[in-house]
1. Which pairs do you get when a residue that is assigned by TED's automatic domain parsing to the domain that holds Ser28 and part of a loop (DSSP other than H, G, I, E, B), found in region 78-97, comes within reach of a residue that is within 16 Å of the ligand (Cβ to nearest atom) and modelled with pLDDT under 95, reach meaning Cβ atoms under 6 angstrom, with the pair 6+ apart or on two chains?
2. I'd like to verify a number: residues in region 32-43 that are in a strand (DSSP E or B) and within 11 Å of the ligand (Cβ to nearest atom), how many?
3. Is it the case that region 44-56 has a residue that's within 16 Å of the ligand (Cβ to nearest atom), of a type outside the set (Ser, Thr, Tyr) and modelled with pLDDT of 90 or more?
4. For the subset of region 357-411 comprising residues that are modelled with pLDDT under 50 and surrounded by 13 or more Cβ atoms within 10 Å (Cβ to Cβ), which member is nearest to the ligand (Cβ to nearest atom)?
5. All but one of (1) among the basic types (Lys, Arg); (2) closer than 18 Å to Ala378 by Cβ; (3) modelled with pLDDT of 95 or more hold for Lys139, so report the exception by its number.
6. So if I check each of Leu10, Leu102, Leu65, Leu4, which one is aliphatic (A, V, I, L, M) and open to solvent by 20 Å² or more (accessible area, probe 1.4 Å)?
7. I need the full set of residues from region 119-135 which are part of a helix (DSSP H, G or I) and surrounded by fewer than 20 Cβ atoms within 10 Å (Cβ to Cβ), in order please.
8. Which pairs do you get when a residue that is closer than 16 Å to Tyr140 by Cα, found in region 175-199, comes within reach of a residue that is in a loop (DSSP other than H, G, I, E, B), reach meaning Cβ atoms under 6 angstrom, with the pair 6+ apart or on two chains?
Amino acid sequence: MTDLLRLSRLAFVDSYDEDGTLIVQAKSIRHHEPYGCCPLFSFSKMGTKTVRYRDHAIQGQPTWLEIKRQRFRCNACGKVGYEVLPDIDTERRITKRFREHLQREAIKYPFTMAAEINGVHETLIRRIFDEHAKRVMRKYNVVLPRVLGMDEIYIMKRPRFVIGDVENSLMLDMQESRKQTNLNDYFEFIGGGDKVEVVCQDMWSTYRSVTRKQFPNAVTVIDKYHVQRTANAAVELVRKAHFIRISNQDRIRLKRKKGLLLARWDKASDKLKDDLEKLFVEFPNLRAVYEWKERFYDIYECETRAAAEKAMTEWMLNLPPEFERPFKQSRDAVKNWRPHILRYFEHRYTSAYIERLNGLIRKMNVQGAGYDFSTLRAKALLKHGRVDREVEGQKLTNRLARTLPAGPRLV
Ligand SMILES: [Zn+2]
């Protein structure tokens with residue numbers, strides 16, 4: 001039955017069921033006397049007190065350890081204290097392994113869900129998370145990667161700044177503001193900007209300015225998907241322009257075709273191509289704008305920078321005048337960002353990971369309604385970054401270095 005406990009410093013005594021809860025009675029294999037008051041370190045036993053500590057579920061059953069905790073009296077100063085229980089968090093009245101489990105659950109799930117799954121109060125989950133986050137985040141240093149992705153995410157109605165390691169799909173940090181002065185201060189504080197070789201970003205000019213100042217060895221690559229997406233806006237504009245000219249019935253029909261027009265021709269199924277063809281017969285103008293959209297996307301199919309440059313120039317020159325307005329976003333992108341868009345053909349990186357990460361953070365924020373910014377940042381970094389992994393390694397070495405927790409245990 002000792003296996004049931006699987007704790008090296010506590011011995012199994014007995015167990016019984018109490019209204020569906022498993023109570024495991026246990027005792028210390030060796031008493032660790034309290035310490036910290038007198039150098040003499042001489043104690044007398046002074047009775048015991050039975051205390052229950054919540055443990056993780058054993059075989060699916062909620063479990064409490066019941067320990068007769070030895071009381072000691074210091075022979076020098078007379079202070080009374082309890083034996084030290086290295087496996088127990090005596091303040092929270094839970095086993096340390098259960099605390100560590102809850103800590104992981106608090107990172108993995110929304111706090112309310114972690115509380116529900118483990119049958120504990122949400123306050124406990126929050127406290128354990130806060131303590132853990134405070135401890136590890138203090139030591140967290142952002143190490144800038146070779147390929148840095150930067151993007152913004154709207155949280156609490158404001159754009160927040162998110163950075164990640166694009167090559168290794170790792171979140172690096174999230175900051176409250178994406179203002180230029182804040183970003184310059186931030187990267188100056190972090191240091192190591194000379195390590196960055198590629199920066200992936202959308203078409204927010206501040207990021208480019210910050211890159212020029214902070215990363216002397218880096219080139220900027222404008223994210224492929226942000227560029228391509230501009231062409232969708234043109235299709236949308238032309239589709240909506242048809243609205244005012246057609247009957248109500250056609251309008252409803254056309255409204256349903258939105259997704260259809262955004263599909264890529266090469267990836268479309270035969271059924272989809274068929275639907276598009278039918279639509280184009282009815283609305284020839286949609287065919288034209290659709291084709292120019294496709295041609296714009298196809299610039300990215302080029303294998304070399306030179307070929308892409310040529311395709312881009314041709315697209316710009318040959319675009320029919322009536323489409324200049326609908327494709328304003330695409331044309332502006334090319335006009336303002338051409339060299340950085342073309343960098344993609346030399347460094348084929350995108351912000352896809354950062355975008356996916358933003359989606360995950362957004363979801364985390366929605367599910368955890370009421371997280372403040374620093375909680376959300378810590379939780380996102382613990383889940384999607386490398387914060388915890390490093391610290392857990394350190395913790396393990398610490399644990400090997402000493403068997404007893406530090407600090408006085410006298411009451
Ligand atoms: Zn003493």
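The values are calculated or read from the model by the stated rules, or taken from the named source; none is laboratory data. Keep in mind it's a predicted model, so treat the numbers as computed, not measured. Cβ atoms come from the backbone with ideal geometry, glycine included; neighbour counts cover every protein chain shown. Keep in mind that these areas ignore ligands, DNA and RNA; they rest on the heavy atoms of the full protein, side chains included. Shrake-Rupley method; radii C 1.70, N 1.55, O 1.52, S 1.80 Å.
1. What qualifies is Lys79/Cys37; Lys79/Leu410; Glu83/His32.
2. Qualifying residue count, region 32-43: 1.
3. Filtering region 44-56 down to residues within 16 Å of the ligand (Cβ to nearest atom) leaves 44-46.
Then keep just the ones that are of a type outside the set (Ser, Thr, Tyr); that gives 45-46.
In the following step, the residues that additionally are modelled with pLDDT of 90 or more were identified as 45-46.
Yes, the conditions are met somewhere in region 44-56.
4. Once the filter is applied, the top-ranked residue is Leu410.
5. Of the numbered conditions (1) among the basic types (Lys, Arg); (2) closer than 18 Å to Ala378 by Cβ; (3) modelled with pLDDT of 95 or more, the odd one out for Lys139 is (3).
6. Leu4
7. Residues satisfying the conditions are Glu122, Thr123, Arg126, Arg127, Asp130, Glu131, Lys134, Arg135.
8. Matching pairs, first to second residue: Ile190/Val142; Gly192/Leu144.
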